[in-house]
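Following: one structure in structure tokens, then a few remarks.
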Amino acid sequence: MIRPCFLVIDREFPGSISTRKLVLETAKFNVITAYSGPEALEIFRRFPALDGIVMDGEMDDISAEDLAQNFKAANPDIPVIVICAPGGAYCPSADKRVESFQPAKLLEILRSLKPRESEQIEKHDEELSKEKLR
């Protein structure tokens with residue numbers, strides 16, 4: 001089984017890792033994390049076969065719109081999901097927008113991008129659960 005891989009772009013805070021990364025990894029997706037716009041663009045150049053991009057709409061170093069436009073210029077088909085506070089930044093180049101306090105909605109969107117792979121992950125988890133019960 002090949003798990004979908006997403007680039008997560010999140011603001012960096014001292015002594016912590018991205019909570020969005022944790023949410024996606026808990027759902028058994030592979031995650032590459034960037035903590036700045038320039039780092040995200042470099043990672044995207046190095047790993048162009050990503051299944052999608054999840055980005056904080058309030059990055060300090062580059063606007064969400066500029067970042068999304070850069071990704072779309074390199075690959076118009078790459079799904080870009082921007083996460084904003086309610087009423088936050090507008091990003092017309094993003095494919096989807098999720099309010100920051102809706103992790104279930106984010107997972108729903110990502111699963112819809114790769115439904116077959118997501119179904120395989122769920123089935124595999126069910127099999128593992130059944131094995132534990134034995």
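All conditions but one from (1) more than 24 Å from Lys105 (Cα to Cα); (2) among the β-branched types (Val, Ile, Thr); (3) touching a helix residue (DSSP H, G or I) at 6+ places or on another chain (Cβ under 9 Å) apply to Val23; the one that does not is (1).
Please find, within segment 78-99, the residue that is surrounded by the most Cβ atoms within 10 Å (Cβ to Cβ) out of those that are without any contact (Cβ under 8 Å) to a residue 24 or more places away in the chain and in contact with a strand residue (DSSP E or B) (Cβ under 7 Å, 6 or more places away or on another chain).
Val98
Within segment 105-131, residues that are within 30 Å of Pro86 (Cα to Cα) have Cβ atoms under 6 Å from residues that are surrounded by 13 or more Cβ atoms within 10 Å (Cβ to Cβ) and of a type in the set (Lys, Arg) in these pairs: Ile109/Lys96; Ser118/Arg111, counting only partners at least 6 apart in sequence or on another chain. Scanning segment 63-100 for residues that are within 21 Å of Lys21 (Cα to Cα) and of a type in the set (S, T, N, Q) yields Ser63, Ser100. Each residue in segment 48-77 was checked for being assigned to a loop (DSSP other than H, G, I, E, B), at pLDDT 95 or above and either among the aromatic types (Phe, Trp, Tyr) or buried (at least 18 other Cβ atoms within 10 Å of the Cβ) (or both), and 2 of them qualify.
The values are calculated or read from the model by the stated rules, or taken from the named source; none is laboratory data. On a predicted model such as this, the values are computed, not experimentally measured, just so you know. Quick reminder, even Gly has a Cβ in these numbers, built from the backbone with ideal geometry, and neighbours come from all protein chains shown.
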